[in-house]
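Peer 1: Sending over a structure as structure tokens; questions will come in a sec.
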Amino acid sequence: MKVNYLSKREAGKLLEKLGGFSWAREIEAGRPRSVLRIMEEDFTLYRISGYVICERSGAIFPTVHEEYNRELLDRIPAIVVDMGAVPHIARGADVMRPGVRSVRGDFEEREFVVVRDERNLKPISICVALESSGKLGEIEKGRIAKNVHHVNDRIWRLVRDLRRLIERERGS
């Protein structure tokens, strides 16, 4: 693991990448003073304006930690699943159509969606949609979203373990 701050140029490039996402426009508008980068072998975390963002395989998405990213997660369309699907998705399973209770917001194929449980509406996973929200009504079975980050995965555990570092830098 490598931890450092981004230079102004690197931070500017990251903000440009984030500018392409509707959920991240507030971050870009705030023009953060410093961006903390935590690099692991297969992903990179950024602490930027109090939010924790992950970059993996060229894709950028917020982590499912509500304490840092509640506002960002609320801006991303959501798939609400029944409680029977929660333990499977929380262990990394893809979202299957029979477990879906409802959809909040509109999304297209290959866009990020937040998967939430139906009882508490807590985010349990970030997925890439395999179908658009408009087509979900026509589908009765099969995979509809690919799980890319979920509670208790390596990303989630690293954010939890580095809480002191992230909290210390949160005000920047």
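Read-outs throughout are calculated quantities, based only on the coordinates presented, and are distinct from any laboratory measurement. Everything numeric here is computed off the predicted structure, so don't read it as measured data. Cβ placement follows ideal geometry from the backbone for every residue including glycine, while neighbour counts extend to all protein chains displayed.
Peer 1: What are the residues whose amide H is under 5 Å from the amide H of Lys122, where those residues sit 5 or more places off or on another chain and H is modelled from the backbone?
Peer 2: Correct list: Asp117.
Peer 1: Sticking with this structure for a sec: Taking the Cα centre of the chain as the origin and placing charges on Cβ (Lys, Arg +1; Asp, Glu -1), which of Ile155, Gly20, Gly58 is farthest toward the positive end of the dipole?
Peer 2: Among Ile155, Gly20, Gly58, the one farthest towards the positive end of the dipole of the chain is Ile155.
Peer 1: Can you tell me which of Leu73, Leu18, Leu45 moves the most in a GNM of the chain? Springs connect C-alpha atoms under 10 Å apart.
Peer 2: Among Leu73, Leu18, Leu45, the largest GNM mean-square fluctuation belongs to Leu18.
Peer 1: At Glu55 and Arg91, where each label point lies 7 Å from the Cα along Cα→Cβ, what is the point-to-point distance in nanometres?
Peer 2: For the pair Glu55/Arg91, the computed spacing is 3.4 nm.
Peer 1: Between Arg154 and Leu121, what length comes free when the chain is fully extended (0.36 nm per residue of separation minus the Cα-Cα distance, one decimal in nm)?
Peer 2: The Arg154-Leu121 span can extend by a further 9.6 nm.
Peer 1: How big is the Cα convex hull of segment 13-88 in projection, averaged over all directions, in nm²?
Peer 2: Working: hull surface 24.3 nm².
Convex hull of Cα atoms, orientation-averaged projection: 6.1 nm².
Peer 1: Would you work out which of Gly99, Pro87, Phe112 lies farthest towards the positive end of the dipole of segment 72-150? Charges go on Cβ: Lys and Arg +1, Asp and Glu -1.
Peer 2: About the Cα centre, the residue reaching furthest to the positive side is Pro87.
Peer 1: Looking at the chain as a GNM with Cα springs under 10 Å, which of Glu41, Glu131, Glu108 has the largest mean-square fluctuation?
Peer 2: It is Glu41.
Peer 1: Can you tell me how much longer the chain between Glu138 and Glu108 gets when fully stretched, taken as 0.36 nm per residue apart minus their C-alpha distance, in nm with one decimal?
Peer 2: Contour length minus the Cα-Cα distance gives 9.3 nm.
Peer 1: Further question on the same structure: Binning at 5 Å from 0, report for segment 72-150 what percent of all alpha-carbon pair distances ends up in each bin.
Peer 2: Result returned by the calculation: 3, 18, 34, 29, 14, 2.
Peer 1: Related question: Could you work out which residue, out of Ser49, Ser125, Ser57, moves most in a Gaussian network model of the chain, that is, has the largest mean-square fluctuation with Cα springs under 10 Å?
Peer 2: Comparing Ser49, Ser125, Ser57 in the GNM, the peak value goes to Ser57.
Peer 1: Next up: Can you tell me the Rg and Dmax of the chain, counting just the alpha carbons, in angstroms?
Peer 2: For the chain, the Cα-based Rg and Dmax read 16.1, 49 Å.
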